[in-house]
Amino acid sequence: MKRKYLRLRSLWQDRNGNYTVIFGLLATLLVVAAGGSLDLTRYLEARSRLRDSVDATALMVAGRYKAGEATADTLTSTARAILDQTFTDHDATIGTVTATAGTASLILTADAQIQTFFLTIAGLPSMTTTATSSVAWSTTAIEVALVLDTTGSMVDSDKIGQLKSAATSM
């Protein structure tokens, strides 16, 4: 028993190879930090692509809804079908999609989940991002006002004549 105690005591007092042990302990932290930055970059890219896709999808669904091609009951399924085509990120998968319409507006919300490679070591196997887009349209007629330049510079090359014909054709 005393012999084991002496061995343990000598091992505790031995300082040879101390840097190897410290590096071994810190290597995991270095891998998680460096790899975590890669996972974070993938997350930020997926978030940007999701926002772009949700914006485009919201405009398409709002146009279909306003034209009568989609009803309030089919908005979410229509949005999901379009979003599945427009969101082309191989690192993320689309989760829930919700679309709600008001009298002159549409709100589309979608989320995507990104699987992590290195942050799994730290207990974070995936990250989720959400994007929301709203579209509003006018229910009244639009009034257009034209401001015409009638200064002396418009005299050259019959610019004022071209301006009048362009304003008339509108």
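Details
- Share of pairwise Cα-Cα distances greater than 30 Å in the chain is 56 percent (whole percent).
- Using C-alpha pairs below 8 Å separated by at least 6 residues, the relative contact order for the stretch 104-170 is 29 percent.
- Pairwise FRET efficiency - residue 1 versus residue 98, Cβ, R0 = 45 Å, nearest 0.05: 0.05
- Taking every DSSP helix (H) stretch of at least 4 residues in the chain, weighting each as -39,500 (n - 2.57) and dividing the sum by the residue count yields a mean residue ellipticity at 222 nm of -17500 deg cm²/dmol.
- Radius of gyration and Dmax over the Cα atoms of the stretch 100-151, both given in Å: 22.9, 71
- Positive-end residue, the chain charge dipole about Cα centroid, Cβ charges, pick of 77, 129, 162: 129
- Computed 3J(HN,Hα) for the stretch 22-32, one whole-Hz value per residue from the Karplus formula 6.51 cos²θ - 1.76 cosθ + 1.60 where θ = phi - 60°, is 5, 4, x, 6, 7, 4, 4, 5, 5, 5, 5, glycine and proline marked x.
- Summing Cβ point charges (Lys, Arg +1; Asp, Glu -1) relative to the Cα centre of the chain gives a dipole of roughly 1740 debye.
Every read-out reported here was derived from the displayed coordinates using simple, explicitly stated rules and does not represent laboratory data. Note that the structure is predicted; figures quoted are calculated from it, not measured. No Cβ is skipped: glycine too gets one built from the backbone with ideal geometry, and neighbour counts run over all protein chains shown.
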